[in-house]
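To keep things clear, I will list the structure first and then write my remarks on it.
Rule-based calculations on the coordinates, nothing more; no lab input. Predicted, not measured: the structure shown is a model, and the values here were computed from it. Glycine also receives a Cβ, built like all others from the backbone with ideal geometry; neighbour counts cover every protein chain displayed.
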Amino acid sequence: MVSTSRLPAARLGIYIFLFIAALGLLITASYLLGYEIDKTRGGYNQPVPALLTAGGTLLIHLALFLTPIRGPAPKRTFFAGLRFELASLAVLDLFVLAGAVRLHVSTPGLMTYCGGFFICMGLQCVLVLAWLSWFFTSVQFIVLILATVYHYRRSRSSTIWIEPFLAFDWDIYTNRATRGHRGRQSIQIEGGKF
């Protein structure tokens, strides 16, 4: 029996790592873009603004899906559902991947032949943070899609695609495993078992 009780904590942990990588990407890409424009009189490396936008968009995604659900029966909208979270993760994953690959292709020899110049170290930092952001976005997408498919196969409820992730009781499968043993409880009657 697979226990899904730690799934919300795993989701939160991956999102924390993604937050750190996306915030670092946003800060370093914005500083590097300003530095490149200032030192080269208007020129800059083309993938850097795309990765700056990707970092900001990832932070917006995190703010949208890490806000707690308030009230006993909150109104559900399309944008709070798990299907929208999965779709936005997939789009952001491709967006960050395209930016990282484009930066890697546009700067040949960046990781091996770069000297101790600030521009090289800045590009390396942006490249590493872009790959880390892509990795954590991919891991989060895979974890959520596997959990969703597992929940759907176990319950055959189509509300998994509409409701937010935190609206589900992910302990249900752990409780179901122990519920079978409680069904055979004996009744105590004055000193003996019935």
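If I stretch the segment between R153 and V105 completely, what's the gain in nm (0.36 nm per residue apart, minus their alpha carbon distance), one decimal? Provide the component values of the computation, followed by the final result.
Numbers: separation 48, 0.36 × 48 = 17.28 nm, distance 4.18 nm.
That pair, R153 and V105, stretches by 13.1 nm at full extension.
Once you have all Cα-Cα distances for the range 126-172, histogram them in 10 Å bins from zero and send the whole-percent values.
23, 42, 20, 14, 1
Taking the highest mean first, how do the peptides 95-107, 158-170 order by number of other beta carbon atoms within 10 angstrom per residue? Write down the numbers at each step before the final one.
Working: 95-107: 18.7, 158-170: 16.0.
With the highest mean Cβ count within 10 Å placed first, the list reads 95-107, 158-170.
Please state the charge dipole magnitude for the range 17-162, taken about the Cα centre, from unit charges on C-beta atoms (+1 on K and R, -1 on D and E), reported in debye and rounded to the nearest 20. Please report the intermediate quantities before stating the final value.
On the way: 10 positive and 4 negative charges, 136 e Å.
Charge dipole of the range 17-162: 660 debye, to the nearest 20.
Translational diffusion coefficient, Stokes-Einstein: compute it for the range 1-62 using the Kirkwood radius over C-alpha pairs as Rh, at 37 °C and 0.692 mPa s, and state it as an integer in µm² s⁻¹. Display every interim value, and only then the final one.
Values: Rh = 13.3 Å.
Rounded to a whole number, D works out at 247 µm²/s.
State, in angstrom, two size descriptors of the range 46-166 derived from its alpha carbons: Rg to one decimal place and Dmax to the nearest whole number.
18.2, 58
In what sequence, highest mean first, do 127-137, 145-155 appear when ranked by Cβ atoms within 10 angstrom?
Values: 127-137: 22.8, 145-155: 14.5.
Per-residue Cβ counts within 10 Å, averaged per peptide and sorted highest first, yield 127-137, 145-155.
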